[in-house]
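Read the structure below first, then the notes.
The values are calculated or read from the model by the stated rules, or taken from the named source; none is laboratory data. All values reported here derive from a predicted model rather than from experimental measurement. As a convention, Cβ positions derive from the backbone with ideal geometry for all residues, glycine included, and neighbour counts pool all protein chains shown.
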């Protein structure tokens, strides 16, 4: 399994309905290809309650080590990804919702006074919660109540959900509001630049990509392009591109319609020998072994 994304890495899955823009899901990290879910973003806020195991969760350039009992707030439009730690699985509960579920309508007092400062803060792209910290434990209690409501819905389920989200937001706002700053121009520019780089790589990964061409596309120098990408993604452009090409090869290998040589060409590796070398380095087995194994893709990490 993997996320359904467009070329800008926006998730295309529906998160609730217009009448009630709220969605929950129980997730197991091993169900995703290679034990990780791809970089993506969406206009909804995402709250995550970690139920068992642990994982590495990254939002923009911040990396978190999340464990059972922890929680995470991911702001609207923030890029995020998650991956296994030391081959361990993780079970977590995901909550996504549009902010208007709390504030009601644009420019309402709730919107302008209590939500917009958080939604537009460069510093608050994400916040982690631990049960060991008093105010964070309070915020977590509301996520847990939402989790319980989904298991045993009450006759006033939607009202209960809206109340718990509002209480969560109150805890977040009261603790963070003293240090809220509007989004800095640089933070906005960095986010847009990172999205532009990822979109270019994901659109052209089948082709021969040059650093010169990519740098010109985002209008920065080659050295700055490499430095910027490593700072935000915690790995080099080259390593990310190879990893993405391997990821794109997996469904083609499972479908068995194309030869390994054809798959190598279609995913930008050029030759089957180089493809096999990189694939084995990333996956621990050869492309042909992967094709024959029939194992759960989540078993590979």
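Worth pointing out:
- Members of the stretch 79-101 found to be surrounded by fewer than 20 Cβ atoms within 10 Å (Cβ to Cβ) and not in a strand (DSSP E or B), listed by number: 86, 87, 89, 98, 100, 101
- Among residues of the stretch 61-74 that are in contact (Cβ under 8 Å) with a residue 40 or more places away in the chain, those with a Cβ under 6 angstrom from a residue that is outside any strand (DSSP E or B), sequence gap 6+ or separate chain, pair up as 61/232; 69/131; 70/130; 71/140; 71/143.
- Residue among 243, 257 that alone is on the phi < 0 side of the Ramachandran plot, surrounded by fewer than 18 Cβ atoms within 10 Å (Cβ to Cβ) and part of a helix (DSSP H, G or I): 243
- Within the stretch 2-62, strands (runs of 3 or more DSSP E) holding 2 or more residues that are over 23 Å from residue 171 (Cβ atoms), modelled with pLDDT of 95 or more and more than 11 Å from the chain's Cα centre (by Cα): 22-28, 45-59
- Test: residue 230 is surrounded by 14 or more Cβ atoms within 10 Å (Cβ to Cβ), in the same structural domain as residue 214 (by TED's automatic domain parsing) and closer than 23 Å to residue 39 by Cβ: yes
- For the stretch 261-277, a residue qualifies if it is in a helix (DSSP H, G or I), buried (at least 19 other Cβ atoms within 10 Å of the Cβ) and in contact (Cβ under 8 Å) with a residue 24 or more places away in the chain, and the qualifying residues are 263, 275.
- Each residue in the stretch 11-53 was checked for being surrounded by 15 or more Cβ atoms within 10 Å (Cβ to Cβ) and over 21 Å from residue 283 (Cα atoms), and 20 pass.
- Whenever a residue of the stretch 10-25 is under 26 Å from residue 195 (Cβ atoms), its partners that are at pLDDT below 85 and part of a strand (DSSP E or B), lying with C-beta atoms within less than 9 angstrom and at least six residues away or across chains, give the pairs 11/5; 12/5.
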